[in-house]
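Quick one: structure below, then a few questions.
Please treat every number below as a calculation from the coordinates, not as lab data. Predicted model, so just to flag it, every value in this text is computed and none were measured. Methodologically, a virtual Cβ is constructed for each residue, glycine included, from the backbone with ideal geometry; neighbour enumeration extends over all protein chains shown.
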Amino acid sequence: MTTKFTADHEWINIEDHDAAVVGITLHAQDALGDVVYVDLPEVGRSYTQGDVAGVVESVKAAADIFMPVTGEVVEVNEALRENPALANSDPMGEGWFFKVKVTDMAQFDGLMDPPGYDALLKTL
Amino acid sequence: MSADVLRQNPAPLLHTPLHALHVELGAKMVPFAGYAMPVQYPAGILAEHRHCRYEAALFDVSHMGQLQLRGDDAAAALESLVPQDIIDLPVGKQRYAFFTNTQGGLRDDLMVTRRADHLFLIVNAGCKVDDTQHLITHIGHRCHIVPMPDHALLALQGPKAVVALERLNPAVATLSFMTGGDFDLAGAACFVTRSGYTGEDGFEISVPADQAVALARALLAQPEVKPAGLGARDTLRLEAGLCLYGHDIDARTSPIEAGLTWAIQKIRRPGGARAGGYPGANVIDGQLAAGVSVKRVGLVGLEKVPVREGAAIVDAHGSPLGRVTSGTLGPTVHEPIAMAYLAVNHAGLQHEVYAEVRGKRLPMRVSTMPFTPHRYHR
């Protein structure tokens with residue numbers, strides 16, 4: 001299992017521990033609607049799990065992006081800055097937000113697996 | 001991530017006559033003024049907004065209040081509650097108006113159309129209960145106040161609205177901006193005005209509730225027409241520089257501060273034949289004479305970050321100047337646009353101010369409104 005989910009509707013793929021990819025879920029982009037602006041974290045800066053690491057804004061609302069695990073941001077998706085609609089069209093792929101160097105695997109293990117996140121969505 | 005849009009509202013909601021059609025069309029329904037309303041359809045707010053600017057969009061605005069005022073004294077009676085010229089409004093003409101309170105603030109804004117034997121009013125959904133009570137209390141002894149819960153209200157808006165509606169009844173093309181008349185549409189006896197809330201040419205159609213779905217389907221069958229929700233309605237009206245009651249205007253803002261002086265006809269201003277005589281006239285007349293200290297302005301952001309309702313506006317030193325009352329990234333203008341109330345010495349065109357967003361100061365310039373040109377059929 002390399003992709004996990006947060007209760008705040010972020011996903012994190014940890015295939016590469018030194019550059020785990022983070023984005024928002026299909027449900028999140030659907031709930032937000034057309035994404036028109038993203039504020040991405042600073043490359044080289046370390047964040048603690050739960051820190052606000054960015055902002056995603058749709059026509060109708062702004063939402064914080066929370067850091068799913070503690071770590072240093074090693075890359076951000078510049079293409080997303082140029083074309084925020086990627087967060088809608090391909091939220092689990094081209095619409096990724098940033099990559100983070102994971103320091104504590106236990107934090108990743110504590111996140112929801114796909115069935116767990118599906119179960120959460122059913123309660124909404 | 002967190003946002004109010006991710007939370008659900010368990011309160012029971014009213015449905016408009018088009019509710020099942022919205023669900024069938026895949027709309028995302030949200031609570032608004034006590035109703036379940038479509039905020040968007042699968043196309044999304046941006047596509048719906050653009051479709052309205054370039055083609056034609058159909059909106060369900062049946063949540064709004066429709067009322068008739070009947071009786072010989074109805075126009076004079078209504079003039080005791082609004083600073084508009086209603087008595088001289090010719091048959092078939094529509095006028096923007098507002099109910100004022102005794103402090104000169106705005107209770108609600110509304111549209112008034114003179115029909116052959118009554119006045120037809122459209123008021124905001126969130127105010128309709130209070131407005132009806134206000135009318136009954138103050139002028140219920142002078143005219144009959146007839147709410148119209150048995151009517152739906154559709155808005156067909158956009159440069160191609162006229163060609164679409166003409167196919168249902170060619171006579172609608174004879175209407176010009178802010179006029180109205182009776183038209184048969186898809187077998188329903190409708191009252192149609194050439195007006196709206198998007199800045200585009202278009203129509204608002206009052207239709208018997210039991211015929212509303214058939215009419216909506218007939219309109220959606222036209223190749224130019226697609227459905228649009230309240231999300232697009234909000235971005236369209238904001239680009240058009242039009243106020244949203246409860247946000248850009250409310251009980252604490254006067255029409256003069258709100259830049260709505262144009263909507264008070266000369267005959268109701270000091271020196272006019274029917275000056276005053278409505279709640280708060282002394283306050284509003286005083287402001288007309290002496291000016292106001294704050295006014296509603298348009299703001300355009302110099303960076304791409306949306307500036308939303310509630311954002312503080314400050315000067316270069318961080319001193320507070322006012323607050324944003326509506327704001328978004330304008331889908332047609334591709335810039336952050338907003339309305340705010342600013343001290344008049346900071347409200348001059350091109351004046352640079354700063355919006356505080358997440359601890360950053362974003363430069364904005366005072367701009368003329370509308371942000372997109374109105375394209376009414378005059």
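Looking at the P(r) of chain A, how many percent of alpha-carbon pairs lie beyond 20 Å?
Summing the P(r) tail past 20 Å for chain A gives 36 percent.
Where Lys and Arg each count +1 and Asp and Glu each count -1, what net charge lies around A:V74 among other residues with Cβ under 12 Å from its Cβ?
-2
Can I ask one more? Read phi for every residue in segment B:77-92 and hand back ³J(HN,Hα) as whole Hz from Karplus 6.51 cos²θ - 1.76 cosθ + 1.60, θ = phi - 60°, with x for Gly and Pro.
5, 5, 4, 7, 10, 9, x, 9, 7, 9, 4, 8, 5, x, 4, x
Turning to a different aspect of this structure: Compactness ratio of the protein assembly as shown: Cα Rg over 2.2 N^0.38 Å, N = residue count?
Dividing the Cα Rg of the protein assembly as shown by 2.2 N^0.38 Å gives 1.07.
For every other residue with a beta carbon closer than 12 angstrom to the beta carbon of A:A20, add +1 if it is Lys or Arg and -1 if Asp or Glu, then tell me the sum.
-4
Give me the Debye-computed log₁₀ of I(q)/I(0) at q = 0.11, 0.15, 0.16, 0.24 Å⁻¹ for segment B:65-147, equal point scatterers on Cα only, no solvent, two decimals.
-0.23, -0.44, -0.51, -1.26
Hey, another quick one. Given a cut-off of under 8 Å on Cα pairs at least six residues apart, what relative contact order in percent is computed for chain A?
The value is 30 percent.
Once phi is turned into θ = phi - 60°, what whole-Hz ³J(HN,Hα) does the Karplus curve with 6.51, -1.76 and 1.60 give for every residue of segment B:218-234, x standing for Gly and Pro?
Here the 3J(HN,Hα) series is 5, 6, 5, 6, 6, x, 7, 9, 10, x, 9, x, 5, x, 5, 4, 5 Hz.
Dipole size in debye (nearest 20) for chain B around its Cα centre, Lys and Arg Cβ +1, Asp and Glu Cβ -1?
620 debye
Under a GNM of chain B (C-alpha, springs under 10 Å), which listed residue has the highest mean-square fluctuation: B:A312, B:A290, B:A125?
Top of the fluctuation ranking is B:A290.
Continuing with the same structure: What is segment B:261-367 by shape, rounded, prolate or oblate, if you read a ≥ b ≥ c off the alpha carbon gyration tensor as root eigenvalues and call it rounded for a/c under 1.5, prolate for a/b larger than b/c, and oblate otherwise?
prolate
Taking K and R as +1 and D and E as -1, what net charge do the other residues with C-beta under 12 Å from the C-beta of B:A164 add up to?
-1
For the pair B:S319/A:A61, report the inter-label distance in nm, with labels modelled 7 Å from Cα in the Cβ direction.
Output for this residue pair reads 3.8 nm.
Please report Rg over Rh for segment B:1-160, where both radii come from the alpha carbon positions and Rh follows the Kirkwood definition.
Radius of gyration relative to Kirkwood radius: 1.03.
Now a separate question. Say we join alpha carbon atoms closer than 10 Å with springs in a Gaussian network model of chain B; which of B:L153, B:L244, B:L236 then has the biggest fluctuation?
The residue that fluctuates most here is B:L244.
Take B:A214, project a point 7 Å from its Cα along the Cβ direction, then tell me which residues of segment B:172-188 have their backbone nitrogen under 13 Å from it.
Counting backbone N atoms under 13 Å from the label point, the list is B:184-188.
While we're on this one: Given the rule -39500 (n - 2.57) for each run of at least 4 DSSP H residues, summed and divided by the residues of the protein assembly as shown, what is its mean residue ellipticity at 222 nm, to the nearest 500 deg cm²/dmol?
Helices in the protein assembly as shown give a 222 nm mean residue ellipticity of -5000 deg cm²/dmol.
Among all the lysines, which ones have a C-alpha under 28 Å from B:K360's C-alpha, if same-chain residues fewer than 8 places away are not counted?
Of all the lysines, those that pass the test against B:K360 - Cα under 28 Å, at least 8 places apart if same chain - are A:K60, A:K99, A:K101, B:K295, B:K304.
Taking amide H positions as placed in the peptide plane 1.01 Å from N, state which residues far from A:G54 in sequence (5 or more) or on other chains have amide H under 5 Å from it.
Hits under the 5 Å cutoff: A:I65.
Shifting gears a bit: Report relative contact order for chain B in percent, whole number only (criteria: Cα-Cα under 8 Å, sequence separation at least 6).
Rounded, it is 17 percent for chain B.
OK, next. How many percent of all Cα-Cα pairs in segment B:114-209 sit more than 16 Å apart?
For segment B:114-209, the fraction of Cα-Cα distances above 16 Å is 59 percent.
Another one. Once you mark the GluC sites (Glu not before Pro) that are in a DSSP loop and have at most 13 other Cβ atoms within 10 Å, what is the longest gap between them in chain A?
A:43-124
Based on alpha-carbon centroids, what's the gap between segment A:35-113 and segment B:190-208 in Å, whole number please?
When both Cα centres are located, 44 Å separates them.
What residue among B:N101, B:N345, B:N124 has the largest mean-square fluctuation in a Gaussian network model of chain B, using Cα springs under 10 Å?
Result: B:N345 has the largest fluctuation of those listed.
Going by amide H atoms built from the backbone, whose H comes under 5 Å of the H on B:C190, apart from near neighbours?
B:F183, B:D184, B:L185
State whether chain B is rounded, prolate or oblate according to the following rule on the C-alpha gyration tensor (a ≥ b ≥ c being the square roots of its eigenvalues): a/c under 1.5 gives rounded; otherwise a/b larger than b/c gives prolate, and the remaining case gives oblate.
It comes out oblate by the Cα gyration axes.
For a quick check: sort B:H144, B:H63 by the number of other beta carbons within 10 angstrom, fewest at the front.
By the 10 Å Cβ count, ascending: B:H144, B:H63.
Also: So which lysines pass the test for A:K122, namely a Cα distance under 18 Å, with those fewer than 8 places away in the same chain ruled out?
Hits, sequence-local ones excluded: A:K4, B:K28.
Right, next: In nm, to one decimal, how far is the modelled label at B:A76 from the one at B:A289, with both set 7 Å along Cα→Cβ?
Inter-label distance under the simple model: 2.7 nm.
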